[in-house]
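The values are calculated or read from the model by the stated rules, or taken from the named source; none is laboratory data. If you're wondering where the values come from, they're calculated on a predicted model, not measured in any experiment. Heads up, the Cβs are rebuilt from the backbone with ideal geometry, glycines too, and the neighbour counts pull from every protein chain shown. With ligands, DNA and RNA removed, areas are computed over all heavy atoms of the protein, side chains included. Shrake-Rupley method; radii C 1.70, N 1.55, O 1.52, S 1.80 Å.
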Amino acid sequence: MQKQATSSNIGEELSVGKKVLNQNEVEVGSTYSEVHVNKNSLVQSYMAKHLKDIIGNFFVLDNQERQEKPDFTNKNKINKSTIYYVKIISKKAEMPFGSTIEVKVKDTEPLFTKQEIESVTLGIQKPIVLAFDNLAYYHFNAGETLIAGSVRKVQVSVKEASER
């Protein structure tokens, strides 16, 4: 018999999940943001809890893009961010191996030069493995996005990263 999802038991499960995520983040090197239960979006909270299971911990850089957009509240302010296009390489992830996702990191400069990305694309340089800190999923209006607090290059091989 399935347990009915209520605000209290999903909240308990999410808080237990946070402890598990926090224990795992030291081991695997990727940090996911804490999941805050919102009674108006229980399904989204539950999905955010399982983000690590869906996309994994490590990613291979495919490309990056610098983005500049005017602030919605202050037209004189320009918000800058870097969008990383990365491939899912975890064999344990629920999304298909090799799927490309976008992760936005606000208020940062791109980590890599165009020449470094070209070298990887042409096979001159080994693939770059990345991990994101405070990775979180957001759904709004008709879209969704992954946002991270920061990004870092991880010194592991793609094969090793795919097993984690």
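Side notes on the structure shown:
- Rounded FRET efficiency, nearest 0.05, which uses the C-beta distance separating Phe140 from Glu118 and R0 of 30 Å: 0.30
- Among the GluC sites (Glu not before Pro) found in region 59-164, those both in a DSSP coil and sparsely packed, with 13 or fewer other Cβ atoms within 10 Å of their Cβ, are Glu94.
- What you get for region 111-156, charging only the Cβ of Lys and Arg (+1) and of Asp and Glu (-1), is a dipole of about 160 debye around the Cα centre.
- On region 49-141, 51 percent of the accessible area sits on carbon and sulfur atoms, based on a 1.4 Å probe.
- Fully extending the segment from Ser150 to Lys87 would add 21.0 nm, taking 0.36 nm per residue of separation and subtracting the current Cα-Cα distance.
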